[in-house]
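**Q** Before I ask anything, let me first share the structure, which is written out below as structure tokens.
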């Protein structure tokens, strides 16, 4: 199985790589776009930043970057303030608009770098976007492992997740292209967008979508051959819903951008253990913190993940609650420290505590102490309008998953005798799920 760049250059020009609105995008078309885009990428500087909705455009941009020897960066989103924070100058940004009316450039593809460097961005423990550097070969090794485990069951790839993040890029672009499967050009926004297309397909999804399955079970018939979920843990009840709706359990993949995939499981009941990937070594230190050695890591050395595990004699393990402040919201890693820092910059906010809300499908909540200016606005606008105002004010710097969905405004954020916030007290402010959004 060739790598991604070799496959893009050598595969038959008529081979369909992606499908879009009933039409296909062929390898020949991706090569044409890459050749035409190469001069624009060459002028972008040492690093080119790809923020595109089309997987075909992403793949062509990646090939063009490999042709001219550029580092590839994958920003999580394209808000101007965020792009400035990660060091993206305007001339280095590639968007879908650049492909409109793109004429042939004639750049030769044969000398493309076959193992380019790709930078992904996650929420670091300090709240500042963290750059995670990977050689493409690390993802290709993982894609081959996925194919060895599930290639016999895999079919055309349909999806509800973005290719701008590591999981979507690996499962929607790298694995399908090098293994000879067609993949959707863009993720579905609603389940209804995929109606009639599930039969025998490989569905790449996340708990953000799998916890919101349509009650109309016929929508998913005939059922997919494989269902993948990653980004955060799939609740046990949602896992049971997957079995009922898809006639098979979802295959959950545990991992991160830094480590790649660590382990997998198929929940058929509570407390299903995780099985490490065959070429991944999982151990635990004296604090039961997970340590991994893996060919998917960028460096050939053990890495401590921050996950706490209870390892079994057969190598499988169960996860225990984490002690850090990085959480998964809608499948994306969110730094609570960053959310609090950005909200704390607003003139209406005196103090804030951000927290995930298990009773509200893991959505993000915020408990806010207001400044006098904020209190005046609360009296004037009410809770709902003020919460929308604050959410909009941080939208240039925070992704949608990082912006709290539920809000509570309090006179004082309660702490214990050591001055620490009490999570149970904060969570109790939001009560039982009722669909309301203050």
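**Q** Consider the stretch 399-421. How many of its residues are at pLDDT 90 or above and in a loop (DSSP other than H, G, I, E, B)?
**A** Residues flagged as at pLDDT 90 or above and in a loop (DSSP other than H, G, I, E, B) within the stretch 399-421 amount to 4.
**Q** Condition (residue is at pLDDT below 95 and farther than 28 Å from residue 130 by Cα) applied to the stretch 38-50: is it met by at least one residue?
**A** Yes, that holds for at least one residue.
**Q** Sticking with this one: Checking residue 261 against (1) in a loop (DSSP other than H, G, I, E, B); (2) within 30 Å of residue 136 (Cβ to Cβ); (3) at pLDDT 95 or above, which test does it fail?
**A** Condition (1) is where residue 261 drops out.
Condition check ((1) more than 30 Å from residue 137 (Cα to Cα); (2) in contact (Cβ under 8 Å) with a residue 24 or more places away in the chain; (3) surrounded by 22 or more Cβ atoms within 10 Å (Cβ to Cβ); (4) in contact with a helix residue (DSSP H, G or I) (Cβ under 9 Å, 6 or more places away or on another chain)) across all residues:
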residue	(1), (2), (3), (4)
163	no, yes, yes, yes
167	no, yes, yes, no
201	no, yes, yes, yes
214	yes, no, no, yes
219	yes, yes, no, yes
229	no, yes, yes, yes
236	yes, yes, no, no
243	yes, yes, no, no
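**Q** Related question: What number of residues in the stretch 112-135 are within 24 Å of residue 2 (Cα to Cα), out of contact with any helix residue (DSSP H, G or I) (no Cβ under 6 Å at 6 or more places or on another chain) and surrounded by fewer than 20 Cβ atoms within 10 Å (Cβ to Cβ)?
**A** Counting residues in the stretch 112-135 that are within 24 Å of residue 2 (Cα to Cα), out of contact with any helix residue (DSSP H, G or I) (no Cβ under 6 Å at 6 or more places or on another chain) and surrounded by fewer than 20 Cβ atoms within 10 Å (Cβ to Cβ) gives 4.
**Q** I'd like to know if the stretch 224-242 contains one or more residues that are modelled with pLDDT of 95 or more, part of a loop (DSSP other than H, G, I, E, B) and touching a strand residue (DSSP E or B) at 6+ places or on another chain (Cβ under 9 Å).
**A** Checked against the condition, which is being modelled with pLDDT of 95 or more, part of a loop (DSSP other than H, G, I, E, B) and touching a strand residue (DSSP E or B) at 6+ places or on another chain (Cβ under 9 Å), the stretch 224-242 yields at least one hit.
**Q** Within the stretch 4-22, can you find the residues that are under 9 Å from residue 185 (Cβ atoms) and either free of Cβ contacts under 8 Å to residues at least 40 places away in the same chain or over 25 Å from the mean Cα position of the chain (by Cα) (or both)?
**A** 21, the sole residue that qualifies.
**Q** Looking only at the stretch 313-334, filter to residues that are at pLDDT 85 or above and assigned to a loop (DSSP other than H, G, I, E, B); which one of those is farthest from residue 263 (Cα to Cα)?
**A** Checked the stretch 313-334; the qualifying residue farthest from residue 263 (Cα to Cα) is 313.
**Q** Can you name the number of the only condition in (1) under 30 Å from residue 148 (Cβ atoms); (2) under 20 Å from the mean Cα position of the chain (by Cα) that residue 327 fails?
**A** (1)
**Q** Under the condition of being touching a strand residue (DSSP E or B) at 6+ places or on another chain (Cβ under 7 Å) and assigned to a loop (DSSP other than H, G, I, E, B), which residue from the stretch 297-312 is farthest from residue 275 (Cα to Cα)?
**A** If we take residues in the stretch 297-312 being touching a strand residue (DSSP E or B) at 6+ places or on another chain (Cβ under 7 Å) and assigned to a loop (DSSP other than H, G, I, E, B), then 298 is farthest from residue 275 (Cα to Cα).
**Q** Working only within the stretch 29-56, note down all residues that are in a helix (DSSP H, G or I), without any contact (Cβ under 8 Å) to a residue 60 or more places away in the chain and surrounded by fewer than 24 Cβ atoms within 10 Å (Cβ to Cβ).
**A** Selection gives 29, 40, 42.
**Q** Now for a different question. Take residue 388 and decide whether it is crowded, with 20+ Cβ neighbours inside 10 Å, in a helix (DSSP H, G or I) and at negative phi.
**A** no
**Q** Still on this structure: So which of 349, 280, 253 ends up being within 30 Å of residue 378 (Cβ to Cβ), surrounded by 17 or more Cβ atoms within 10 Å (Cβ to Cβ) and touching a residue at least 12 places away in the same chain (Cβ under 8 Å)?
**A** None of the other options fit; the residue is 349.
**Q** Is it true that some residue in the stretch 305-326 is surrounded by 15 or more Cβ atoms within 10 Å (Cβ to Cβ) and either without any contact (Cβ under 8 Å) to a residue 12 or more places away in the chain or touching a helix residue (DSSP H, G or I) at 6+ places or on another chain (Cβ under 7 Å) (or both)?
**A** There is at least one residue in the stretch 305-326 that is surrounded by 15 or more Cβ atoms within 10 Å (Cβ to Cβ) and either without any contact (Cβ under 8 Å) to a residue 12 or more places away in the chain or touching a helix residue (DSSP H, G or I) at 6+ places or on another chain (Cβ under 7 Å) (or both).
The values are calculated or read from the model by the stated rules, or taken from the named source; none is laboratory data. Keep in mind that this is a model prediction, so the values were computed, not measured. Neighbour counts run over all protein chains shown; Cβ positions are idealised from the backbone, glycine included.
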